[in-house]
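J.: Below you'll find the structure I mean.
Values quoted throughout were computed directly from the atomic coordinates according to the rules given, and no laboratory measurement underlies them. Predicted model only: the values in this text are computed from it and were never measured. Here Cβ is always computed from backbone atoms with ideal geometry, including for glycine, and neighbour counts include all displayed protein chains.
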Amino acid sequence: MKSRSRIRKTVLIVLGIITAAVAAFVLAGPPVIKAMGIHPEYSGQRYLLPEGKALIIATNHDELGDSGRKTGVFGSELTAPYYEFQGGRMHVDVASIEGGEIPFDPASFNYFIRSDYDERYLEDPVLQNKVENSLPIGDIDFTGYDIIFLAGGWGAAYDLGFSEELGQKISEAYAAGAVVGGVCHGPLGLLNATDENGTPLVKGRRVTAVTDKQVEELNITMTPQHPENELRAAGAHFHSSTAFRDFFASHVEIDGRIVTGQNQNDGPEVANLMMNAAGGSRR
Amino acid sequence: MKTIPGHNTVNMITRILSAIVGGVLLLLGIAVFIMPEVISTTFLSLSTGGAGINSLRADIGALFLGMGAFALFGSLTRYRWVLLIPAVFLCLVVAGRVISMVLDPFPTNTIGALVMEIVFIMVLSLAIISHAFSGKEQTQPETVRAFASYRFLIVAGAVIVLIAGTFVFRPQISARVWSGGIVGRMSRSTIEDLPDGLHVGLAGTGAPMPDSQRVGISTFVIAGEHKFIVDCGPGSTLNLELMQFPLEETTAVLLTHFHSDHIGDLDELMLKIWTYGARTEPTLVMGPVGVDTVVDGYNKAFSLDAKYRYAHHGDAVAPSSGAGGRAEIIDGFGPDESVVIFDRDGVKVTAFLVSHKPVDPALGFRFDYGGRSVVVSGDTLPDETLMAQSRGVDILVHDAMNPDMLNVMTRASEATSKAVAGTVATDIQTYHAFVEETARIARDADVKHLVLNQILPPIPASILHSAFLGDSRRIFDGPITLSYDGMLFCMPADSNSINSQWLLQ
């Protein structure tokens with residue numbers, strides 16, 4: 001009799017400890033991951049470009065090779081610049097190579113890593129609508145924009161760097177004075193663009209993007225283009241930061257009107273530096 | 001044989017009541033901990049900066065939590081004497097209130113709180129008495145015996161008599177203490193008694209969206225001998241009168257821009273300035289290009305009214321020559337986008353350009369007097385010129401909106417198919433500053449005290465203050481005041497103090 005009550009007591013204590021551990025994990029998980037470097041809170045200077053227009057371009061590709069694993073744009077690489085540009089009072093359009101629905105990397109909105117911007121997106125029917133009905137780049141005059149932002153994600157490795165049309169349109173926008181750039185796999189979209197003299201846009205320019213190290217670390221090597229590799233091959237001065245996993249690193253490069261960020265952590269900073277480069281004022 | 005107070009039922013009832021008192025106090029303590037902003041407003045004190053919130057949470061929060069915890073402990077366990085602890089604290093709270101009532105000219109707001117505290121004390125005392133009579137405890141603990149000692153009872157009695165006496169004779173005492181001054185105070189306006197310095201009053205702090213606590217925007221600035229009224233939104237003239245602002249002494253009315261919520265009361269304001277002082281010169285109205293159109297229009301619309309006033313009251317009240325307004329265009333901005341529009345008797349008023357497109361030009365104003373300074377932003381996005389003008393000022397009065405709250409409104413409007421309201425809530429975000437941006441401006445410009453007006457969206461209850469301010473307090477560690485109509489900030493010349501009062505509560 002006495003031993004049974006003791007067993008019951010032990011079971012209750014163990015259950016209590018397990019519950020507490022799970023609760024601690026769920027509650028402490030997001031801040032711990034944030035502190036490690038994923039989606040750090042942006043506390044730098046913010047900028048204002050009222051009456052300005054920004055275009056965010058993302059991928060249409062939704063599958064990692066023939067592995068059957070889904071991919072697309074990494075959520076915060078689209079949501080963070082969108083809300084930062086909106087905070088800068090800009091008009092923001094969302095486009096993709098073919099138009100229509102932009103797929104999200106399934107990891108984007110994971111409870112432990114999603115950013116504040118992602119949470120806003122999940123409750124914002126306006127942006128959801130823009131993502132589901134993105135504009136095809138062929139229908140857009142890029143010269144009407146002050147800022148062209150290329151969002152990344154593994155899906156971008158399949159179409160941004162292969163689109164001659166995108167390269168052409170970015171060249172036109174750059175010639176018209178726009179600030180161009182992006183984060184993660186997004187800068188692949190700069191590969192086919194040229195400057196006013198017809199030389200490749202990234203040649204001899206300081207840029208950053210996803211590192212080969214990160215590609216190796218995450219073991220997603222089946223994509224057709226790897227940003228560090230491709231940008232170096234195109235003659236860019238590639239710079240980056242490293243961490244014990246590059247997924248946690250943050251790095252931004254500014255070279256005139258080209259602003260790039262290493263990965264999903266840099267969207268807010270790149271967006272604000274682009275507004276600054278476009279002549280924005282402090283806010 | 002049990003006595004009535006010692007009866008089981010009485011004992012149980014008093015016990016339950018004290019537990020309720022404990023619960024209420026505990027909840028108040030928790031409320032202070034989680035939302036000191038709200039408590040600071042509900043307790044009728046003005047909101048403060050990070051340090052103020054810190055002490056509010058720590059001191060007031062600890063007081064309430066402590067009282068609540070001991071009251072619950074005393075009523076839920078057999079150690080009923082523990083109820084003495086919250087009871088003693090409540091007595092001290094009552095003493096503080098009574099003293100304030102004697103000294104403070106505006107005591108009526110706290111009557112409710114006082115009554116509640118007295119009820120709490122009675123409940124706790126009854127519980128202790130009832131328990132003592134119930135005979136459940138043969139030997140009283142040391143503490144209770146100590147409280148029952150003659151020496152303590154005599155002192156306590158004296159204190160109670162003193163407090164009660166003060167309370168009963170407070171009219172006589174206050175009359176004696178202030179030697180008739182209080183009567184003079186009531187008849188004189190607070191504004192007339194202000195020391196020499198720079199003073200800012202908020203006669204209207206709302207926006208075009210209906211707000212039951214805020215009328216259209218209007219801010220007055222008293223600088224030494226000169227009195228300026230910046231903007232006159234709908235309903236603000238009445239507030240100026242209620243705050244006993246001496247309208248007849250107005251030096252000039254300054255308009256930041258010509259949105260209806262900034263000029264809609266100009267007719268009433270010009271009439272009152274004219275007739276309060278039987279002025280023979282029209283009111284001087286200064287504003288950006290276009291001010292003549294506005295003033296001429298009002299003059300024309302109210303020319304008939306002016307005739308009736310003269311016909312009825314004559315020169316003693318409404319001399320014809322003083323009716324309406326005289327427009328003066330503010331122009332000639334220097335390379336720093338500012339121009340001094342008034343420089344007399346040590347008072348300097350600077351107008352500067354702000355960003356409120358498509359309203360262009362739109363102005364902000366800076367006032368300097370006696371080593372003190374204030375900037376009134378008008379309606380603007382975060383603006384570099386304003387930031388430069390605000391460098392080191394004592395008070396920055398800035399318009400503020402919370403975009404997240406407006407976005408919720410937009411969605412609600414769409415859900416209820418009020419499309420126009422939703423569009424407005426979205427559109428206005430492109431020409432007003434967000435609340436956190438104002439905090440960054442205050443931080444970067446080294447402003448001493450940030451006052452937010454033109455609150456958008458209207459905040460229906462003070463419980464939403466923290467939500468409205470968002471991360472602002474983390475950005476700017478000076479005091480941030482979320483404005484209400486009737487607030488007055490006094491800055492005596494050549495000092496550092498900023499005293500605030502609330503003239504419309």
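J.: Using bins 10 angstrom wide from zero, how does P(r) for chain B break down, in % of all Cα pairs?
T.: 4, 16, 23, 21, 15, 11, 6, 3, 1, 0
J.: If you take the square roots of the eigenvalues of the alpha-carbon gyration tensor of segment A:37-282 and sort them as a ≥ b ≥ c, do you get rounded (a/c under 1.5), prolate (a/b over b/c) or oblate?
T.: Rounded is the answer for segment A:37-282, as its axis ratio a/c remains below 1.5.
J.: Then there's this: Of the listed pairs A:Lys130/A:Lys203; A:Lys130/B:Lys357; A:Lys53/B:Lys348; A:Lys34/B:Lys418; B:Lys300/B:Lys357; B:Lys357/B:Lys448, which have alpha-carbon separations greater than 31 Å here?
T.: Over 31 Å Cα-Cα: A:Lys130/A:Lys203; A:Lys53/B:Lys348; A:Lys34/B:Lys418.
J.: Mind checking the angle between helix A:164-175 and chain A's longest principal axis? C-alpha axes, 0 to 90 degrees, to the nearest 10.
T.: For A:164-175 against chain A, the angle is about 70 degrees.
J.: Highest GNM mean-square fluctuation, chain A, Cα pairs closer than 10 Å: which of A:Asp118, A:Asp66, A:Asp195?
T.: Among A:Asp118, A:Asp66, A:Asp195, the largest mean-square fluctuation in the Gaussian network model of chain A belongs to A:Asp66.
J.: Further, regarding this structure: So what is the calculated 222 nm ellipticity per residue for chain A, using -39500 (n - 2.57) for each DSSP H run with n of 4 or more, over all residues, to the nearest 500 deg cm²/dmol?
T.: It lands at -11500 deg cm²/dmol.
J.: Using only alpha carbons, build the gyration tensor for segment B:343-483 and give me the equivalent ellipsoid semi-axes, biggest first, whole Å.
T.: Its equivalent ellipsoid spans semi-axes of 29, 17, 11 Å.
J.: Let me check I have the definition right: for segment B:377-440, take the eigenvalues of the Cα gyration tensor, multiply each by 5, take square roots. What are those semi-axes in whole Å, largest first?
T.: Those come to 30, 10, 7 Å.
J.: Using the Cβ atoms and a cut-off under 15 Å, what net charge is assigned to the surroundings of A:Asp105, where Lys and Arg are +1 and Asp and Glu are -1?
T.: -3
J.: Okay, next question. What would the Debye formula give as log10 I(q)/I(0) at q = 0.05, 0.08, 0.12 Å⁻¹ for the alpha-carbon point model of the protein assembly as shown, no solvent?
T.: -0.39, -0.87, -1.28
J.: Report the charge-dipole magnitude of the protein assembly as shown in Debye, nearest 20, computed about the Cα centre from +1 at each Lys and Arg Cβ and -1 at each Asp and Glu Cβ.
T.: Charge dipole, the protein assembly as shown, about its Cα centre: 5100 debye, nearest 20.
J.: Continuing with this model, one more query. Would you mind counting up the charge near A:Arg257? Only other residues with Cβ under 13 Å from its Cβ, with Lys and Arg at +1 and Asp and Glu at -1.
T.: Residues near A:Arg257 contribute -3 overall.
J.: Just want the ordering: A:Leu49, A:Leu78, from fewest to most Cβ atoms lying within 10 Å of their own Cβ.
T.: With the fewest neighbours first, A:Leu49, A:Leu78 line up as A:Leu49, A:Leu78.
J.: Can you give me the angle between helix A:267-277 and the longest principal axis of chain A, using Cα atoms only, in degrees from 0 to 90, rounded to the nearest 10?
T.: 30
J.: Please arrange B:Met12, B:Met405, A:Met275 by counting, for each residue, the other beta carbons lying within 10 Å of its beta carbon, fewest first.
T.: The most exposed by this proxy come first: B:Met12, B:Met405, A:Met275.
J.: Additional query: At 30 Å minimum axial length over the Cα atoms and a Kyte-Doolittle cut of 0.5, report the qualifying DSSP H helices in chain B, or say none.
T.: Membrane-span-like by this rule: B:8-34, B:111-134.
J.: Quick one: Karplus J couplings for segment A:38-47, per residue in order, coefficients 6.51, -1.76, 1.60, θ = phi - 60°, nearest Hz, x for Gly and Pro?
T.: Rounded to whole hertz, the list is 7, 6, x, 5, 7, 10, x, 5, 9, 10.
J.: Using the Cβ atoms and a cut-off under 10 Å, what net charge is assigned to the surroundings of B:Val215, where Lys and Arg are +1 and Asp and Glu are -1?
T.: Surrounding charge for B:Val215 is -3.
J.: Which of the listed residues, A:Gly65, B:Val200, B:Trp502, is farthest toward the dipole's positive end in the protein assembly as shown, when Lys, Arg count +1 and Asp, Glu count -1 at the beta-carbon?
T.: Projecting each Cα onto the dipole axis, the largest value belongs to B:Trp502.
J.: Using only Cα atoms and rounding to the nearest 10 degrees, what angle (0 to 90) does helix A:2-36 make with the longest principal axis of chain A?
T.: Helix A:2-36 and the main axis of chain A meet at about 10 degrees.
J.: Can you find, among B:Pro361, B:Val98, A:Val126, the residue sitting farthest towards the positive end of the charge dipole of the protein assembly as shown, where Lys and Arg contribute +1 and Asp and Glu -1 at Cβ?
T.: With unit charges placed on the Cβ atoms, the residue in question is B:Val98.
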